[in-house]
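Student: The structure that follows is given in the form of structure tokens.
The values are calculated or read from the model by the stated rules, or taken from the named source; none is laboratory data. Everything numeric in this text was worked out from a predicted model, so none of it was measured. Cβ: placed from backbone, ideal geometry, glycine included. Neighbour counts: every protein chain shown.
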Amino acid sequence: MVSIHTFTFRDRSFSCPVELCLSTIGSKWAALILWHLRDSTLRYSELRRRLPGVSHKMLAQRLRELEADGLVSRTVYPVVPPKTEYTLTDEGQRLLPALRAMQQWGVQYKEA
């Protein structure tokens, strides 16, 4: 019989670290946002252009969630029109090896 050891993180229970990871970046848009921020800081409008199909509401929601999780940093400049930039935090950078592995798997899988 396998024993399940649950743990709590930010007032939520998880049965394993993979579940925690998937609850954080498991949505299509969250992982893609992180992927596009891997090499540079991007403005909101640049992220929208790189993510065809994402709605304004969904992009804003996912960015807020990633910021709350400490994976993305948001900088707002007091100019007109408003300028907002997003960049990966150190914690977000730590996810890059996993995202690169997902990218490599996708390339290999589509060629199989």
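Student: Out of curiosity, is L20 surrounded by 14 or more Cβ atoms within 10 Å (Cβ to Cβ), in contact with a strand residue (DSSP E or B) (Cβ under 8 Å, 6 or more places away or on another chain) and modelled with pLDDT under 95?
Tutor: So L20 passes the test.
Student: Evaluate region 98-111: report whether one residue or more is in contact with a strand residue (DSSP E or B) (Cβ under 8 Å, 6 or more places away or on another chain) and not small (G, A, S).
Tutor: Taking every residue of region 98-111 in turn, none turns out to be in contact with a strand residue (DSSP E or B) (Cβ under 8 Å, 6 or more places away or on another chain) and not small (G, A, S).
Student: When you scan region 67-83, how many residues do you find that are of a type outside the set (A, V, I, L, M), surrounded by 16 or more Cβ atoms within 10 Å (Cβ to Cβ) and either at pLDDT 95 or above or more than 12 Å from the chain's Cα centre (by Cα) (or both)?
Tutor: 1
Student: Any chance you could count how many residues in region 67-112 are of a type in the set (S, T, Y) and in a helix (DSSP H, G or I)?
Tutor: First, the residues of region 67-112 that are of a type in the set (S, T, Y): 73, 75, 77, 84, 86-87, 89, 109.
Still in the running and in a helix (DSSP H, G or I): 109.
Counting residues in region 67-112 that are of a type in the set (S, T, Y) and in a helix (DSSP H, G or I) gives 1.
Student: Would you mind finding the one in R48, R64 that is surrounded by 14 or more Cβ atoms within 10 Å (Cβ to Cβ), among the basic types (K, R) and at pLDDT 95 or above? Full working, then the answer.
Tutor: Numbers: R64 fails: surrounded by 14 or more Cβ atoms within 10 Å (Cβ to Cβ).
Matching residue, one of R48, R64: R48.
Student: Go through region 92-101 and count every residue that is surrounded by 14 or more Cβ atoms within 10 Å (Cβ to Cβ) and not small (G, A, S).
Tutor: So the first thing to find is which residues in region 92-101 are surrounded by 14 or more Cβ atoms within 10 Å (Cβ to Cβ), and the list is 92-93, 95-96, 99.
Add one more test, that the residue is not small (G, A, S), and what stays is 93, 95-96, 99.
The qualifying residues number 4.
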